[in-house]
Each structure stands twice: as C-alpha cells, then as structure tokens.
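The values are calculated or read from the model by the stated rules, or taken from the named source; none is laboratory data. All values derive from a computational prediction rather than experimental measurement. Glycine also receives a Cβ, built like all others from the backbone with ideal geometry; neighbour counts cover every protein chain displayed. Note: accessible area is taken over every heavy atom of the protein model, side chains too, but ligands, DNA and RNA are not part of it. Shrake-Rupley method; radii C 1.70, N 1.55, O 1.52, S 1.80 Å.
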Amino acid sequence: ESISTASREMYARACEVLPGGNTRTGIFNSPYPIYARSGNGCRVTDLDGVERIDFLNNSTTLIHGHAHPEIVAAVTEAAGRGTCFALPTEAEVEFAEAVCARNESFEWARFTSSGTEAVMMAVQAARAYTGKPKIAKFAGAFHGAYDSVAVNNYGSDSLTPHSHATGTPAAILANTVMIPFNDPDGAVAILRENVDDFACVLIDPVPWRLGLLPANREFLAALRAFCDETGVLLVSDEISSFRIGYHGAMHAMGGVADLTVLGKIIGGGMPIGAVTGRSKFMSVFDPSQGTPKLPHSGSYNANPVSMAAGMASLRLLTPEQIDRINAMGEQVRRELRSVIAEEGLDWAVNGMSSLFRIVTSTVPGSDLSGPELSRLLFQALLTNGILIGNSGLGCVSTPMGQGEIDEFAVNFKQAVRQAVAAARS
Ligand code: PMP
C-alpha cells in the first residue's frame, strides 16, 4: 500500500537531480519521503492533497505552525522593501533588541542564516576569546553540521571521538573532546585532563539525540563551576531547547551561559541562527577598534526578511503561550505513555515543556532495533494522519488545541498496533 502515490513519483524524478531525492539526510525516508505541498496552522498537506497534523514542525522550528497570518504579513512586507543589502538595517537592530530582552546574559547578538552557522561562530568566538583550540561536548549530542561539533553526534555515549562525515581530519577529532551526559564527576575529570587547552564546553540543556532528557541541575552547576574556575566558556546551544521557557532553557533550569546559540523558533520559519551573550565575549566580533579577533562574513547575515519573521514570532511567543503549549506537551506525553502501557510495550516518552520524543526500545517477538521500530512507527503514524520525526521527535505548536491532542492520542494507538504488527511480520 502506497502512503503517497504522487510522492513516490516525485521521488523518482527527484533522484535524477538530488542525491537521495532531497537536501537533508535526516528527512530521507525509505522507500521514499512524502513531499510537502503546503502547510497551514498545525496541518501539512502532501502532494496527493492528504492532510496530516504536523507534530514535527520542521524539526521544532515552527512554534506558531505553518503560514501564521502575522508572520506571512511580516515576511511579505519585508520582502517588498528589498530582501538583502550590504548595509546594516533597522530590522536587525530591532530584532537584536528583542532577542537580548529575553535573557539578562544576552547582551550582544550576531545573526546567521542557520543554526549550524551560529554554532560554528560561537565555537570560533570561544576560541578567539580564549586563544585555546579544544571544545568539549556531550557524547551523542547533536549541534548541526560544522565539522568541529559533528563528532559523536548520533546519540552514542562513546567517549571516543568519531565522525559520520567520512574524511574528517584527525586534527578536528583530536580537538573535540567527549564528556558523559549528566555525570558531573566523570565530565569534570575529563575536562581537568586537558584544562589548559579548552576554549569552551558546548552543551544543549535538553539534548534530543540523547533521548530528549534534561540535564540535571547538579550537572549544569558542576560545568558552570568548572568554567568559572578556569575561564573556559560555557556555550549553551538552545537552537531546539530555547522554547522551554520565556528566558530560554538554561534560565529555566537555573543556570546561566557565557554564550547562547539560538535558531529555529526565533526566525518564525525563515532561515536563522544567532550567537548571543556577554559583551565581553561577543566583543571578538567587534570591528570598531580595528580587525576583530573573529571576522564574521555572510551575504545573508541578519537577513531583513528573517529579522521581520523573527520579530513576529517572538511577539507572538508570550509567557502565556509558552505556558499553554508546555501544558499541552505534558498532556501529549501523558496520553502517549498511557497508550504504550495499554499495549504492553516498554517504550518511553521523554521530553519537557512542548517537546517530546518517543523512544521505541523493543517489541516482544521481533528482533528489530529501537531506531528500526521508530521508523515503522513514523510510517504507521503517516498512514494515520500524524507527522512526527522518524526518530520519534515531536513538539506542540501554538495553533494546536485540545482537538489535535485528542486526535493524536487516538491515532497513535492505531499506529502503535500497526507498527507492532509490522515489526512481528
Ligand atoms: N543544534 C541543535 C541543538 C539543533 O537541534 C540543530 C538543528 N536540528 C542545530 C544545532 C542546527 O541548526 P540548523 O539546522 O538551523 O543548521
């Protein structure tokens, strides 16, 4: 049975010109991905005209869903004034003011066109400030495609540096050190071994590739204390976790970072990334006193259309809206857990705030792995009108209400039964 006839045909056409028929490894799905035609609110429509509830939201980017009228208006208006200039704009000043107003440690900001670029600039800023080469990151955590951070980024807790990017230079691997997640003593012991070489400790307070479990407060406090003692910068990648609270993830978990990397939700669905933090660290970008320690180029940096979409997105993202979607997220996790229990499975539903991740472990009578089961569940949910990530990642968006949560719970039960049957066949 075909999930989408038109997508299957589009996939054949796409493979003539795109490796694997698309432009992102993570959204490839076998035997073919479904291709989107349009999105509106919390629903996405595929090429056959089939509508599904979108619990993926472009991997947690679209906190206000698709084509939110205020964001569409902001983008349209900005595009009409010109899409990019080799001149700074008021739009970037205004947006920097809005971003910096969210957290007292966000004193200065720099904008990029993606989260990957923002992580890269943050790591380079830490190196420029400290003059040190090494970075530490949680084994298994994902931080985008920059080669220095694309090391052990697929959820494995191995402390031996390894990259899926074949041909990554040994020098890159030698300068990216793995620390174990939520293990303060283990992490600090490793940090102390190379204490003189570290520029930064790069963390995501709620790393989704590690099962979307939050860092605990003692762990964050131990990393903060190590950084305070040694002058190593604590860099918080909140590209996906900023949505946890109005002031961001670190703040919600009682911590504070030296530099924070933002992306996704702050751009309202337009390409975006931001490095923000204390002016003393951000000053490496400052060219007003001569060549800066860290030159920062980019023809699309602080793109005025992204700035305008971002302003609208942040304006809509009030503390009340965050509380509302966080409560819905809690309800989703509870409902999915109860379905899993009813079906007698040992799967988990992790996450916090408006984020969730279904972690499929085993199915009695099947020898499929957790990731293989996740893909079966993903496909079964597609046939039941629900889009999540193929690794079980999902989130709630502001256009959702009780109706979508109820529909998810009912269709999830059906999909779980189908996935389990498929796993056994
Ligand atoms: N860091 C984290 C924690 C992310 O979740 C992502 C995107 N999934 C990135 C970095 C990379 O951001 P982008 O996709 O905008 O390059």
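Where only DSSP H runs of four or more residues are counted, the chain gives -12000 deg cm²/dmol as its mean residue ellipticity at 222 nm, each run worth -39500 (n - 2.57).
Residues of the stretch 401-425 falling in the label zone of Asp367, defined by backbone nitrogen less than 17 Å from a point 7 Å along Cα to beta-carbon, are 423-425.
Cα convex hull, the chain: 152 Å³ per residue, rounded to a whole number. Assuming a viscosity of 0.890 mPa s and a temperature of 25 °C, what translational diffusion coefficient in µm² per second does Stokes-Einstein assign to the stretch 69-316, Rh being the Kirkwood radius over Cα pairs? Using the Kirkwood radius from Cα pairs, D works out to 135 µm²/s. Accessible surface for Ser2 stands near 50 Å², nearest 10, in the context of the full protein assembly shown (1.4 Å probe). Along each principal axis, taking the top coordinate minus the bottom one, the Cα set of the stretch 142-226 gives 37, 31, 18 Å in descending order.
Could you work out how much longer the chain between Ala421 and Arg217 gets when fully extended? Use 0.36 nm per residue separation minus the Cα distance between them, nm to one decimal. Don't skip to the end; give the middle numbers.
Numbers: separation 204, 0.36 × 204 = 73.44 nm, distance 4.06 nm.
Fully extending the segment from Ala421 to Arg217 adds 69.4 nm.
Can you give the charge dipole size of the chain about its Cα centre, rounded to the nearest 20 debye, using +1 on the beta carbon of Lys and Arg and -1 on the beta carbon of Asp and Glu? All intermediate terms of the calculation are to be shown ahead of the outcome.
Details: 32 positive and 43 negative charges, 71 e Å.
That gives the chain a dipole magnitude of about 340 debye.
For the stretch 264-308, the alpha carbon positions stretch 34, 23, 13 Å along the principal axes, listed from largest to smallest.
Based on Cα contacts under 8 Å between residues 6+ apart, the stretch 229-365 shows a relative contact order of 19 percent. Within the same chain, lysines fewer than 8 places from Lys293 are excluded, and of the rest, those with a Cα less than 26 Å from its Cα are Lys132, Lys134, Lys137, Lys280.
With a 1.4 Å probe and every protein chain kept in, tell me what percent of the accessible surface of the stretch 69-316 is carbon plus sulfur.
On the way: 5580 of 10080 Å².
Heavy-atom surface of the stretch 69-316 belonging to carbon and sulfur, 1.4 Å probe: 55 percent.
Using C-alpha pairs under 8 Å with a sequence gap of at least 6, the mean separation divided by the residue count of the chain gives a relative contact order of 19 percent. Given +1 at the Cβ of Lys and Arg, -1 at the Cβ of Asp and Glu and no other charges, the dipole of the stretch 69-316 around its Cα centre is 200 debye to the nearest 20.
Whenever you get a sec, line up Asp406, Asp46, Asp185 from highest to lowest accessible area (probe 1.4 Å, protein heavy atoms).
Numbers: Asp406 70, Asp46 5, Asp185 125 Å².
Of Asp406, Asp46, Asp185, the descending order of accessible area is Asp185, Asp406, Asp46.
Taking every protein chain into account, the 1.4 Å probe leaves Glu16 with about 150 Å² of accessible area, to the nearest ten.
In the context of the full set of protein chains, residues of the stretch 69-316 present 41 Å² of accessible surface per residue (probe radius 1.4 Å, heavy atoms only).
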